[in-house]
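Working notes, beginning with the structure itself.
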Amino acid sequence: MSEHLSVEPGTTSPGTPQGVPKVAVITTGGTIACTADANGHLLPTVSGRDLLAPVAARFGADAINFEIHELNRLDSSSITFADIDELVAAVHRVLEDPEVVGVVVTHGTDSMEESAIAVDTFHTDDRPVIFTGAQKPFDHPQADGPENLFEACLIASDASARGIGVLVVFGRAVIPARGCTKWHTTDELAFATNGPEEPERPDPLAPAPLDGVRVEIIPAYPGAGGELVQAALDSGAQGLVVEAMGSGNVGTALGAALGRALDAGVPVVISTRVPRGEVSGVYGGAGGGATLAAKGAIGSRYFRSGQSRVLLAVSLATGQHPATLF
């Protein structure tokens, strides 16, 4: 469902007034669109129009013309690759309008980093795409969603945001999608980055469907065996991401299982459970990062397991070597 919302809430406009920037807002649900039911449980119930109306009112008359695209109302922990494909297609579709100066995506925080990097990897336009959301629901007396959405719209309409890919705007922070990670479950500054100060971004790819691509995340822990690796492969996994320990190490038994997977041609990306720092394969032994790298495992650098899974899925979907995406 799509509609126009002028900066005067409650009215619609058939088109964009001349000289007024148009920002497309794609809503997908998440806490920003949630209200509490009779039991206090949060459910995404707020329409795109109701979500944006108080934000649009904060912009002066004829400051921004908003175009609302209500894609769905989901808890982002339930988002699948099929939903991400739909979101990528929606972003490309709204950018077919040359009058759109930027796109804002409202999204749940649980998987925002995954959706953001997927859209970024396929974002072939120089106009900004901004992800935002909330830690508190729409009907909370200190709701943080309206301020986050206001700032996201402001940045989406700013010409200086062009050409730098997808951004996450949240809790007064502006973070590139690549390397973004949710670092706190409840703090209003929900996201941080592991990326370098100077953002790195490979050439974006033409969109390819991720639905149907199977990449599993295997956790490493002291004493972990290889059973999860074999179970993932037996169930049809086409690639594996390992949430390793330290700078990219696993135990002997898990390392041996990953070695067998690599020998069989299954791509393996090594990430880490450590919140900060890069993955670096420097240790030997069956599960050492250096040993796995010598067999062809790809180090995730500053990407943690969620974003690594998306990038490996993109590699499998497009035929691009995974190293070029990391």
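Tabulated data for the structure shown
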| quantity | calculated |
| --- | --- |
| Residue among VAL250, VAL241, VAL274 that alone is within 15 Å of PHE326 (Cβ to Cβ) and of a type outside the set (Gly, Ala, Ser) | VAL241 |
| Candidates PHE138, PHE131 - the one that is assigned by TED's automatic domain parsing to the domain that holds ILE26, assigned to a strand (DSSP E or B) and among the aromatic types (Phe, Trp, Tyr) | PHE131 |
| Looking only at the range 259-270, and only at residues there that are surrounded by 21 or more Cβ atoms within 10 Å (Cβ to Cβ) and modelled with pLDDT of 95 or more, the one that is farthest from PHE303 (Cα to Cα) | ALA261 |
| Residues (outside any strand (DSSP E or B) and either in the same structural domain as ALA313 (by TED's automatic domain parsing) or among the polar types (S, T, N, Q) (or both)) located in the range 52-100 | SER76, SER77, SER78, THR80 |
| Candidates GLU188, GLU243, GLU198, filtered to the one that is more than 17 Å from the chain's Cα centre (by Cα), over 14 Å from ALA261 (Cα atoms) and free of Cβ contacts under 8 Å to residues at least 12 places away in the same chain | GLU198 |
| Filter result for THR252 (on the phi < 0 side of the Ramachandran plot, surrounded by fewer than 20 Cβ atoms within 10 Å (Cβ to Cβ) and modelled with pLDDT under 95) | yes |
| Residue list for the range 301-310, filter: surrounded by fewer than 24 Cβ atoms within 10 Å (Cβ to Cβ) and within 15 Å of GLU200 (Cα to Cα) | ARG301, TYR302 |
| Among the residues listed as THR185, THR181, the single one being β-branched (Val, Ile, Thr), assigned to a loop (DSSP other than H, G, I, E, B) and either buried (at least 21 other Cβ atoms within 10 Å of the Cβ) or out of contact with any Lys or Arg (no Cβ under 9 Å at 6 or more places or on another chain) (or both) | THR185 |
| Residue within the range 43-51 that is within 25 Å of GLU188 (Cα to Cα), surrounded by fewer than 21 Cβ atoms within 10 Å (Cβ to Cβ) and polar (S, T, N, Q) present | yes |
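Here's the yes/no breakdown for (1) under 19 Å from PHE150 (Cβ atoms); (2) hydroxyl-bearing (Ser, Thr, Tyr); (3) touching a Ser or Thr at 6+ places or on another chain (Cβ under 8 Å); (4) touching a residue at least 40 places away in the same chain (Cβ under 8 Å):
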position: THR80; (1), (2), (3), (4): no, yes, no, yes
position: ASP85; (1), (2), (3), (4): no, no, no, yes
position: ALA90; (1), (2), (3), (4): no, no, no, yes
position: ARG93; (1), (2), (3), (4): no, no, no, no
position: GLU96; (1), (2), (3), (4): no, no, no, no
position: GLU99; (1), (2), (3), (4): no, no, yes, yes
position: THR109; (1), (2), (3), (4): yes, yes, yes, yes
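The values are calculated or read from the model by the stated rules, or taken from the named source; none is laboratory data. Just so you know, these numbers come straight off a predicted model, no measurement behind them. Don't worry about glycine lacking a Cβ; one is built from the backbone with ideal geometry, like all the others, and counts go over all protein chains shown.
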